Each structure stands twice: as C-alpha cells, then as structure tokens.
Amino acid sequence: MDSESAPTVTTPVSEPLPEPAPTLVIGQDEPTFAWVVILNGPRRGRLYPLRLEGTSLGRVPPNDIELDDDAVSRFHARFVGERVGDRVTFFVQDLASANGTFVNGQRIVRERLQDEDRITVGNTTLVFKQL
C-alpha cells in the first residue's frame, strides 16, 4: 500500500491542559516541617508551607493563605507551630470567624493537628501534612 492510498486517521481534539502552577520556592530561614494542601475550590491542589511563627488564613490580604470563598472570614484562622525538644507540633486556631473552623468535622477554637487531619473553613477543605 503506498502513502497516497493510506487511510487518513484523525485524532479528536481534546481540551488543552491547564497551565501548571508556578514552582513553590520555600525560604531558607526555617525548615518546613508541615504544610496544608487545598482539596477543593478555585485553588485546589495548592500547597502552602506552614511557618513556626504562624501562617494566617482568610479571604483577603495580607493573609498568607488567601481563599476565594465568600463563607471564609476576612481573617479566619491561624496555624502556629510549637517546638517541644526536637519535635514541632502545629495547631490551628479559629480567629472568631463567622462560620467557624472545623477539624475532622468538629468545630474547634484551638486544636492540635496530626498528619492527614482535614481542616474546613467556609466551603473549603484543606489537608494537613507533617513530616
């Protein structure tokens, strides 16, 4: 069979892949022991390292983690690390938000976090990860 009589194969056009998120650069001043990943919403899949001195979460700047979620308060919650010997434990604290902060479905004021805990603020859920 010559090339002129070969059947033409058409490949269906699929939607283009979304642009990848920019590479996250982690600062050198303090090693990262823990982070949260957004599980749903417009920033799904974004990873945010948590700082020992605190990482703020809310709907507006200057929060470290800004969420596009109308059910999240302007200044909703804060993650803080506490060093005990060579181990760092992270806590999440609600900042008197209108709709509350939940860890694994339970409303909290301040809660110690463990690897794989689910934190829900407004309509957004994040997962906590710690090495």
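The values are calculated or read from the model by the stated rules, or taken from the named source; none is laboratory data. This one's a predicted model, so the numbers in the text were calculated from it and none came from an experiment. When we count neighbours, we look across all protein chains shown, and the Cβ atoms used for this are built from the backbone with ideal geometry, even at glycine. The protein model used for the area step is the full one, side chains on, heavy atoms only, and it has no ligands, DNA or RNA in it. Shrake-Rupley method; radii C 1.70, N 1.55, O 1.52, S 1.80 Å.
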Given the structure, is residue 87 at pLDDT 95 or above and over 14 Å from the mean Cα position of the chain (by Cα)? no
Complete set of residues in segment 111-122 that are among the polar types (S, T, N, Q) and either under 13 Å from the mean Cα position of the chain (by Cα) or open to solvent by less than 80 Å² (accessible area, probe 1.4 Å) (or both): 120
Qualifying residues in segment 92-109 (those that are under 18 Å from residue 130 (Cα atoms) and assigned to a strand (DSSP E or B)) - the one farthest from the chain's Cα centre (by Cα): 93
Kindly list the number of the only condition in (1) among the hydrophobic types (A, V, I, L, M, F, W, C); (2) modelled with pLDDT of 95 or more; (3) under 22 Å from residue 33 (Cβ atoms); (4) exposed (fewer than 12 other Cβ atoms within 10 Å of the Cβ) that fails for residue 108. (4)
